[in-house]
Amino acid sequence: MRNETTSREKLVVILDPPNLAKSLGSLIPCASVLSEMSNQLQSYEIEKRINSVEEGLRLNAQIHAMEAANPPQSPSLGDWTRAAAEFTRRTVDVAVVYDGGFHAESRKGKEWVQPCAHACIIGDREIVICNEAFDFAQKVAEETRGRIVVLVGMAWYGIESSPVKSAVGLRVLSLSDRDETRWSKLKQKLRKHGLNELQEVNFSAPMEYSTSAWVGQEMGFVHSGEATDVMSGFESFTMRQFDTATISHFRRPQSDDLKVAVTGVLPGRILLVGSPVFSREGKLIGLISDTESYPSDAGRRAVVRTLLGHPRFTKQISTPPIQDQFLAETEDSRTNTP
């Protein structure tokens, strides 16, 4: 392949407006300083682009290494029945309890409950929640001067700890003991109306999960939708429904998220974020953290934070990827170049 520069290409470079301005400016006395400043700015812009490309390569190398340590599972050809039932039990509400006096003086002294988001039970008194859901609940609690509670069925639990945000936008929270006073009153009310005893949620039931997700993968989720006739009735705080979607694409990795999936256009709206997303086999894949819509869309898409990269779910890598070592050596050579 011939790599020689033609006369026409040389002429294009010379007549390029910035280069032509520098050439003409060199004929003016004291203009060399301005020309040097322009060269420095151009060098700075080139350096920023190189650093951006190298950062993207580092993040992609880390993603490939983590996925290699967590190989994908073959999809099941079964239906969604078992998976939907499993995560209907595991999907909980994160709500804020506050005094009704926030709305009107006549309501002062009455306890109000405002569901703000969803989360997922993953172990013995442990839930996983996305940052967007937890931050929204905190803002509502601050505004209403209330407190955050986790509604597991009709039982109320508090939160023992609030860990710092993780690099993948997920938090694992520990729950405190159940509000036994409220639980006892609820059981008495049910017995009064001739209803059966409530079954307690088994927190220690093991949960399967997967850190792998790919374009075209079908996912299910139980969420609070806009349908007004879903799960309405006695002491129902939110409206739940089951839907499926397919991963359309992934967002470019950033410093505050590692692998974020975006689904195709959904048939209805998602009212509360934080719902767990799962596969046909009943494996947790991630949490819905947001929705978005493009100008060409007829509806909204779900944004899903996957589990990849969170220490609770992902195997840690002891040695850096080969790509990272190559980039580090390249950066050292550039730094030491005179």
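The values are calculated or read from the model by the stated rules, or taken from the named source; none is laboratory data. On a predicted model such as this, the values are computed, not experimentally measured, just so you know. Please note: Cβ atoms are built from the backbone with ideal geometry, for glycine as well, and neighbour counts cover all protein chains shown. The accessibility values were calculated without ligands, DNA or RNA, using every heavy atom of the protein model including side chains. Shrake-Rupley method; radii C 1.70, N 1.55, O 1.52, S 1.80 Å.
Under the condition of being open to solvent by less than 10 Å² (accessible area, probe 1.4 Å) and either in contact with a Cys (Cβ under 8 Å, 6 or more places away or on another chain) or charged (D, E, K, R) (or both), the residues counted in segment 94-116 number 3. Of everything in segment 251-273, what is in a loop (DSSP other than H, G, I, E, B) and within 17 Å of residue 219 (Cβ to Cβ)? Give them in sequence order. Across segment 251-273, the qualifying residues are 251, 259, 266, 267, 268, 273. On the stretch given as segment 253-291, residues that are more than 16 Å from residue 209 (Cβ to Cβ), open to solvent by 10 Å² or more (accessible area, probe 1.4 Å) and of a type outside the set (Asp, Glu) total 14. Pairs linking a residue in segment 90-111 that is of a type in the set (Lys, Arg) to a residue that is at pLDDT 90 or above and buried (at least 19 other Cβ atoms within 10 Å of the Cβ), with Cβ atoms under 7 Å and 6 or more positions apart or on different chains, are 90/120; 90/121; 90/276. If you go through segment 223-252 and keep only what is modelled with pLDDT under 65, of a type outside the set (Gly, Ala, Ser) and open to solvent by 60 Å² or more (accessible area, probe 1.4 Å), you end up with 228, 229, 231, 234, 235, 237.
Listed here are the residues, each with its yes/no results for (1) modelled with pLDDT under 80; (2) in a loop (DSSP other than H, G, I, E, B); (3) open to solvent by less than 100 Å² (accessible area, probe 1.4 Å).
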site: 137; (1), (2), (3): no, no, yes
site: 148; (1), (2), (3): no, no, yes
site: 181; (1), (2), (3): no, no, yes
site: 185; (1), (2), (3): no, no, no
site: 201; (1), (2), (3): yes, yes, yes
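The listed residues are 132, 143, and the only one of them that is more than 29 Å from residue 260 (Cα to Cα) and either among the acidic types (Asp, Glu) or not in a strand (DSSP E or B) (or both) turns out to be 143.
Against the test of being open to solvent by 30 Å² or more (accessible area, probe 1.4 Å), more than 24 Å from residue 152 (Cα to Cα) and either at pLDDT 90 or above or touching a helix residue (DSSP H, G or I) at 6+ places or on another chain (Cβ under 8 Å) (or both), the options 209, 294 yield a single qualifying residue, 294.
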